[in-house]
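The values are calculated or read from the model by the stated rules, or taken from the named source; none is laboratory data. As the structure is a prediction and not an experimental result, all values here were calculated from the model. A quick note on method: Cβ atoms are made from the backbone with ideal geometry, for glycine too, and the neighbour counts reach across all protein chains shown. Surface accessibility is based on the protein's heavy atoms, side chains included, excluding ligands, DNA and RNA. Shrake-Rupley method; radii C 1.70, N 1.55, O 1.52, S 1.80 Å.
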Amino acid sequence: MLGGCASEAPTRSGPPSSNYTTSLSALQDKVDAIAQDSCTTRPAVQAYPDCARYVAEVGNTALATQGAAASVAGAGELQATAVRLADEVGQFSRTGCVAAPGVAGPPAQVCGDALRRIQVDLKALRTQLAATPATG
């Protein structure tokens, strides 16, 4: 008899609320913390199997940054990086790089490349947040 969680898939209540706001300085602190994670600092092709939680945190931060940057003048580059980062997080998941233990996923190089793009854009986001005047 199979007892699993297949019928308990997480449900999503919809897109992030447009009235959710956070300050750019709080996001800077969050990105600084995420940047210290081994999923940022280790080679992506080695790190990716252990990075599901990290990728989720990056995705949440990218979405929050999109919302916060939308109301800041001159934050177009920051907004573009956050959008790209959110898309890369989605690609990482859709490609199958977040697999259950013992479940075969795509080749390591595919997931490594996907995580490397996330690492690069997280670092860009960190730099851009540091250069953006904190207004909230």
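Looking at the structure I just gave you, is V58 among the hydrophobic types (A, V, I, L, M, F, W, C), modelled with pLDDT of 95 or more and under 11 Å from L122 (Cα atoms)? Yes, satisfied.
Highlighted here are the helices (runs of 4 or more DSSP H) found entirely within segment 52-136 that include at least 3 residues which are surrounded by fewer than 19 Cβ atoms within 10 Å (Cβ to Cβ) and in contact (Cβ under 8 Å) with a residue 60 or more places away in the chain: 108-131. Tell me, yes or no, whether segment 101-108 has at least one residue that is modelled with pLDDT of 90 or more and out of contact with any strand residue (DSSP E or B) (no Cβ under 6 Å at 6 or more places or on another chain). No, because not a single residue in segment 101-108 is modelled with pLDDT of 90 or more and out of contact with any strand residue (DSSP E or B) (no Cβ under 6 Å at 6 or more places or on another chain).
Consider segment 38-48 and keep the residues that are in contact (Cβ under 8 Å) with a residue 60 or more places away in the chain and in a helix (DSSP H, G or I). The one that is most open to solvent (accessible area, probe 1.4 Å) is Q46. Report the residue count in segment 11-37 for those that are farther than 16 Å from A131 by Cα, modelled with pLDDT of 90 or more and open to solvent by 50 Å² or more (accessible area, probe 1.4 Å). Looking only at that region, the number is 3.
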